[in-house]
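Take a look at the structure set out below.
The values are calculated or read from the model by the stated rules, or taken from the named source; none is laboratory data. Worth saying up front: this structure is predicted, and the values here are computed from it rather than measured. All Cβ positions, even for glycine, are placed from backbone atoms using ideal geometry, and neighbour counts span all protein chains on display. Just the protein is used for accessible areas: all its heavy atoms, side chains included, with ligands, DNA and RNA removed. Shrake-Rupley method; radii C 1.70, N 1.55, O 1.52, S 1.80 Å.
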Amino acid sequence: MIRKPLAGRRGPRRSMRHVLVYGVAALLGSTGVVAMSGTAHAADTLGAAAAEKGRYFGTAVAANRLGESQYVQTLNREFNSVTAENAMKWDAVEPSQNNFNFGNADRIVNHARQQGMDIRGHTLVWHSQLPGWVSSLGSADQVRSAMRNHINRVMGQYKGEIHSWDVVNEAFQDGSSGARRNSVFQQRLGNGYIEEAFRMAREADPNAKLCYNDYNTDGQNAKSNAVYNLVRQLKQNGAPIDCVGFQSHFNQQSPVPGDYQANLQRFADLGVDVQITELDIQNAPSDSYSRVVQACLAVERCTGITVWGVTDKYSWRSEQNPLLFDGNYNKKPAYNAVLSALGGSSSGGGGGGGGGGTGATCTATYAETNRWGDRFNGRVTVTANGGTINDWTVTVNLTSPQSVSTTWNGTPSWSGGGTVMTMKPNGNGTLSSGSSTSFGFTVMANGNWSQPRVGGCTAG
């Protein structure tokens with residue numbers, strides 16, 4: 001969330017499961033690409049490392065920052081999922097009744113799609129950032145009709161594009177009562193409005209994951225118990241709830257609770273995915289960030305983590321420096337702690353000086369890293385030889401009807417009816433002789449488990 005007071009709170013696309021990890025073995029491509037000896041390099045970005053664990057690592061994005069080069073470079077390099085920070089909220093997309101404006105939301109979605117990122121939709125039904133016309137509706141029928149129309153139009157705009165939607169957000173009060181928040185939806189429609197919203201959302205987009213999202217629910221307490229009972233009742237009623245979001249805004253007065261992992265697990269045991277949706281921690285302590293990541297990795301149904309912003313400079317808590325990148329986009333110690341907790345390493349790639357076209361070449365080697373019931377992850381390692389290269393291009397050939405659902409650490413383009421992926425760097429193009437970088441992707445097998453073929457590496 002954004003612009004919420006800290007008092008009384010802890011600070012404020014796939015559902016990939018890490019079921020089986022295969023040993024990484026370099027495979028010789030049919031084009032004669034030389035295989036690297038030894039084990040493959042650890043992933044060196046947050047999104048890549050999370051993907052190798054079957055999860056996403058995302059961030060909240062502001063449309064008006066997409067013109068800033070450092071912001072975009074960091075976003076594209078490090079994250080494989082985005083949440084619109086404000087651009088999909090009710091006041092942004094429907095400021096007056098039935099008058100929709102999707103300009104900023106479209107910009108975020110289009111950018112994410114071009115980068116092969118997953119997208120979380122945030123948020124459909126929320127008491128805050130709600131235009132006054134909604135609160136002025138006088139009858140239950142008027143509120144219900146407005147809610148249905150809003151859900152249908154917003155979800156319809158992005159049908160097939162959004163991995164998970166925060167359908168209902170922050171429906172419970174803080175404190176020890178566990179009571180519902182006295183929103184216009186609660187006032188006019190009563191306790192049933194949450195189930196109604198989820199059923200409307202399922203009709204609007206049958207394939208999107210539908211989530212309930214809230215804050216101060218990270219440990220077991222009166223509020224999280226109320227949410228737990230809601231989710232249990234919705235499941236018993238056959239309502240289409242797929243996931244629960246834990247905002248996880250922490251500060252020094254309200255740190256990561258000792259039962260954080262156990263709390264995530266008890267929700268997962270209800271038969272829903274759990275997601276950490278808005279993570280930020282005052283002063284970004286490395287140990288706290290690591291605990292959050294470790295807790296998610298320990299809960300099989302924890303499908304991913306989103307930090308609430310790219311850089312401290314634009315955080316809603318900027319004075320508390322809560323994120324992984326400082327105001328100059330430098331990686332903070334917490335970044336390295338998160339990357340390490342995800343199993344990655346910051347030791348890869350890089351190196352300056354020199355240029356392509358001086359006899360330097362590159363090789364590309366494929367290895368499968370993970371396999372699930374309907375998909376597998378692949379990683380291609382690019383290595384510079386004979387000098388420094390400043391750019392590289394690698395082609396990867398799939399076998400129909402395979403398709404790529406997610407990519408990271410590179411910028412893809414497509415040909416051959418979607419079976420040939422051409423990958424170029426995404427901030428990782430310059431490599432000194434002997435150094436390596438990698439990019440990864442998730443292949444939907446669609447019944448065909450053939451290994452993708454690397455078509456070669458071209459240095460620039």
Task: Residue satisfying condition, being under 18 Å from residue 77 (Cβ atoms) and at pLDDT below 85, within set 346, 433 - done: 346
TODO: From 422, 442, grab the single residue that is within 16 Å of residue 378 (Cα to Cα), outside any loop (DSSP other than H, G, I, E, B), in contact with a Lys or Arg (Cβ under 6 Å, 6 or more places away or on another chain) and β-branched (Val, Ile, Thr).
DONE: 442
- [ ] Evaluate region 446-458: report whether one residue or more is within 25 Å of residue 50 (Cβ to Cβ), in contact with a Cys (Cβ under 7 Å, 6 or more places away or on another chain) and assigned to a strand (DSSP E or B).
- [x] no
Open item on the list: Checking the conditions here, which among 408, 414 is surrounded by fewer than 20 Cβ atoms within 10 Å (Cβ to Cβ) and either among the aromatic types (Phe, Trp, Tyr) or over 16 Å from residue 390 (Cα atoms) (or both)?
Closed with: 414
Task: Subset tally (residues that are within 22 Å of residue 54 (Cβ to Cβ) and assigned to a loop (DSSP other than H, G, I, E, B)) for region 67-120 - done: 5
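Quick one: how many residues across region 25-60 are modelled with pLDDT under 50, of a type outside the set (Gly, Ala, Ser) and open to solvent by 60 Å² or more (accessible area, probe 1.4 Å)? Steps first, answer last, please.
Of the residues in region 25-60, the ones modelled with pLDDT under 50 are 25-40.
After this cut, where a residue has to be of a type outside the set (Gly, Ala, Ser) as well, the list is 27-28, 31, 33-34, 36, 39.
After this cut, where a residue has to be open to solvent by 60 Å² or more (accessible area, probe 1.4 Å) as well, the list is 27-28, 31, 34, 36, 39.
Qualifying residue count, region 25-60: 6.
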Open item on the list: I'm checking my understanding of the structure. Among residues of region 349-374 that are at pLDDT 80 or above and open to solvent by 30 Å² or more (accessible area, probe 1.4 Å), which one is nearest to residue 440 (Cα to Cα)?
Closed with: 371
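Given the condition open to solvent by less than 30 Å² (accessible area, probe 1.4 Å), among the small types (Gly, Ala, Ser), within 22 Å of the chain's Cα centre (by Cα) and on the phi > 0 side of the Ramachandran plot, answer yes or no: does some residue in region 277-284 qualify?
Of region 277-284, the ones open to solvent by less than 30 Å² (accessible area, probe 1.4 Å) are 277-281, 284.
In the following step, the residues that additionally are among the small types (Gly, Ala, Ser) were identified as 284.
After this cut, where a residue has to be within 22 Å of the chain's Cα centre (by Cα) as well, the list is 284.
Keeping just the survivors that are on the phi > 0 side of the Ramachandran plot gives 284.
Scanning region 277-284, I find at least one residue that is open to solvent by less than 30 Å² (accessible area, probe 1.4 Å), among the small types (Gly, Ala, Ser), within 22 Å of the chain's Cα centre (by Cα) and on the phi > 0 side of the Ramachandran plot, so the answer is yes.
Rundown of residues vs (1) open to solvent by less than 10 Å² (accessible area, probe 1.4 Å); (2) of a type in the set (Val, Ile, Thr); (3) more than 20 Å from the chain's Cα centre (by Cα), yes/no style:
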position	(1), (2), (3)
210	yes, no, no
220	no, no, yes
229	no, no, yes
235	no, no, yes
248	yes, no, no
252	no, no, yes
263	yes, no, yes
TODO: Consider residue 132 carefully, then state whether it is open to solvent by 40 Å² or more (accessible area, probe 1.4 Å) and closer than 19 Å to residue 207 by Cα.
DONE: no
Task: Pairs with Cβ under 6 Å, 6+ apart, first in region 238-259 and at pLDDT 95 or above, second in a strand (DSSP E or B) and open to solvent by 30 Å² or more (accessible area, probe 1.4 Å) - done: 242/209; 243/209
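This table checks each residue for (1) surrounded by 23 or more Cβ atoms within 10 Å (Cβ to Cβ); (2) out of contact with any Asp or Glu (no Cβ under 9 Å at 6 or more places or on another chain).
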residue	(1), (2)
419	no, yes
426	no, yes
431	yes, yes
434	no, yes
438	yes, no
445	no, no
453	no, yes
Task: Residues satisfying the stated conditions in region 169-180, i.e. surrounded by 15 or more Cβ atoms within 10 Å (Cβ to Cβ) and out of contact with any helix residue (DSSP H, G or I) (no Cβ under 7 Å at 6 or more places or on another chain) - done: 169, 170, 173
Task: Among the candidates 304, 271, residue that is buried (at least 19 other Cβ atoms within 10 Å of the Cβ) and either at pLDDT below 95 or touching a helix residue (DSSP H, G or I) at 6+ places or on another chain (Cβ under 9 Å) (or both) - done: 304
